[in-house]
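> The structure that follows is given in the form of structure tokens.
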């Protein structure tokens, strides 16, 4: 019998080991194809099977870093830092931490880790050379942090930008563009995109007044089953772009494009393009060719492009070719002044101003790719200058496309971009405008006197665009606690939530095997991707835009709702949801060097003000299918259904008319599901409340039970009848002498038909 048991254990281990290797193989293949997001999903499946598998922690860090999920990448590389054996085996983790901290705008820690790595691993490797270079240009990077440019930058909006990558725009005229987008062609009714449905295509976009519209495929009908991207449109109709047909390498081709017709529908203009057959320019199967740009200089025609073909200084270099007698000559490398051991992409030459722009992830920059200008003659520049803030950020900024000397477009993955995977996973198109100093003050004055309606439209758009919902692990923050406040910010709570992810995998796959196990794993993994991670990225973008509104002097009331799963008493859950709401408030207080504090405390010099209306619903809105069984934590804590209940939502932004919010009236309309009263600071702890109960329906309302939930509240009636369109009163004796600080209490009315109506009372008691 003992032998049989041992055999079963060995066989089971071999099964798990084999499945883990399969996931690893899929993940490694995805890495080779440049699909870091897909790789992360396969590695997480492997992690759920065996988190101790050699190299898995490092691979997870690489995959998350690869698609710019820096917080999760940091989590796994920090695991390596805490394990001496892994430190020795994967010493490159120091380099990755240095780059991650740079992308997170912590330049002090970034420098420290570059120093550590350069001391530990001296070689001629790319990582070592990059580390030495970063240390040499560290002060240059710090000098870039001052925003001195008279440039205004804004996102083109959700008519152009989506949650995936948009990049490389081409101007057709002063209001029409072509742009590339990695959109999905196959989406489930639930909004889930099938990974294989993503293809790169070229789309049309146009501007009406200040609003951008787009989203129509420009050329797909002409070239089916081809993925094609960045291009250069010439006035004579020549269109150069990069395409791929299978594999991962792009090739340069040329066609002739004509605007066949334009259509105006619902006030929006769209147009269709017609093209001739495509012709290849440079073909070497094993290399990539991207970012074609054609221009005239000194009476000659040139083609600029980016490629990893042999003869360069790094991975992707910038090259040029001259057109002679209608044919492109053998390309020449632009040399070491521009090209580096890293990547140089997105060349653009302005023939009018004679300015040459490109992007690089090597030359001194704020993080990722930065935009640069090559000073002097474009073939032999005298110097390379970083374009600085606001063109560049700590993330990826590239593919500039000037319209003229004052205006243009560029691509960025900076905070505030529209994403579905992570806060900074994907590129958006941004518009920039040079503001003439004499005009600048006038523009600011116009902004300050914008009508209330226009500000309200912006605030409404802010709520609708980001849909901020923040999710929490069970009973967090501050578990087993009746406090309504917390010292933790939501960022800390979020990071702790990520640490619990393996437990969610384990509980949800327990007792399952094969396809059932995989389905359960995918269900909880998708929850974290589509809800938890999206929540933090929406919060970051929302906070950035909200701060801008306050900096313009707006006085804003922000309404926040909190929910809990039913695994606790009702009153406890009210306090728990208050702690969750307050963790959000703490996030705002910590944001961007305490930038929100003057507005929250009412001390801002510009007059801006932010007040927060807190609505702790507790579990009142919980799904009836969510378990409240303490002994069944698989369903009451770790299920997706229970996890969806534990959240805080930003539901509304409105303008305050005056410097104060009017105090609520203690009137309860029983035709509403729940009413909130915020009584503010109380000057006594023992008193009586008189509530007016209103029946606004045409039917008799019978209250058969009143549940105060707390011994501190004592209703003077058990049952109340209210005739149609009439009132009745309820007196509640209150004794809060045992409490202090912020407090939330709930009273529930149970009607004859079983319907429940609730009121939430918020108050603040002085310190004893």
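The numbers here are math on the coordinates, done by the rules we state, and not lab data. What you are looking at is a predicted structure, and each value in this text was computed from that prediction instead of being measured. Methodologically, a virtual Cβ is constructed for each residue, glycine included, from the backbone with ideal geometry; neighbour enumeration extends over all protein chains shown.
> Subtract the Cα-Cα distance of residue 124 and residue 679 from 0.36 nm times their separation in residues, and report this length gain in nm to one decimal.
Stretched fully, the residue 124-residue 679 segment lengthens by 193.1 nm.
> If the chain between residue 276 and residue 22 were fully stretched, how many nm would it gain, using 0.36 nm times the residue separation less the Cα-Cα distance?
Fully extending the segment from residue 276 to residue 22 adds 86.9 nm.
> Which residues does the label zone of residue 482 cover in the stretch 565-588, counting backbone N under 16 Å from a point 7 Å along Cα→Cβ?
568-579, by backbone N distance to the label point.
> State, as an integer percentage, the relative contact order of the stretch 452-655 based on alpha-carbon contacts under 8 Å between residues 6 or more apart.
35
> Quote the relative contact order of the stretch 23-65 in percent (integer), defining contacts as alpha-carbon pairs under 8 Å separated by 6+ residues. It would help to have the intermediate numbers written out before the result.
Values: 38 pairs, mean separation 16.6, N = 43.
Computed value for the stretch 23-65: 38 percent relative contact order.
> How far apart, in nanometres, would the label points at residue 655 and residue 132 be if each is projected 7 angstrom from Cα along the Cα-to-Cβ direction?
For the pair residue 655/residue 132, the computed spacing is 5.9 nm.
> Same structure, new question: Order of 480, 571 from fewest to most other C-beta atoms within 10 Å?
Final ranking by Cβ density, sparse to dense: 480, 571.
> Something else about it: So if we plug the beta-carbon distance of residue 512 and residue 385 into 1/(1 + (r/R0)^6) with R0 = 51 Å, what FRET efficiency do we get, rounded to 0.05?
The calculated FRET efficiency here is 0.30.
> Give the Rg/Rh ratio for the stretch 499-570, taking Rg as the radius of gyration of the Cα atoms and Rh as the Kirkwood radius, to two decimals.
Expressed as Rg/Rh, it is 1.19.
> Could I ask something else about it? Find the Rg to Rh ratio for the stretch 536-597, where Rh is the Kirkwood radius over alpha-carbon pairs and Rg uses the same atoms.
Rg/Rh for the stretch 536-597 comes to 1.07.
> Quickly work out the residue 405-to-residue 435 label distance, labels modelled 7 Å from Cα along the C-beta direction, and quote it in nm with one decimal.
2.1
> Report the calculated FRET efficiency for residue 355 and residue 544 (r = Cβ-Cβ distance, R0 = 41 Å), to the nearest 0.05.
0.85
> Further question: If each of residue 249 and residue 458 carries a label point 7 Å out from its Cα toward its Cβ, how far apart are those two points in nm?
Going by the 7 Å Cα→Cβ label model, 5.0 nm.
> Next up: For 232, 712, which order do you get if you count the other beta carbons within 10 Å of each Cβ and list the fewest first?
Final ranking by Cβ density, sparse to dense: 712, 232.
> Any idea what diffusion coefficient the stretch 2-143 gets from Stokes-Einstein, in µm²/s, Kirkwood Rh on alpha carbon pairs, 20 °C, 1.002 mPa s?
In µm²/s, the coefficient is 130.
> For each of 170, 152, count neighbouring Cβ atoms within 10 Å of the residue's Cβ, then give the residues from fewest to most.
Ranked by crowding around the Cβ, least crowded first: 152, 170.
> For the pair residue 716 and residue 753, what calculated FRET efficiency results from E = 1/(1 + (r/R0)^6), where r is the Cβ-Cβ distance and R0 = 22 Å, to the nearest 0.05?
0.35
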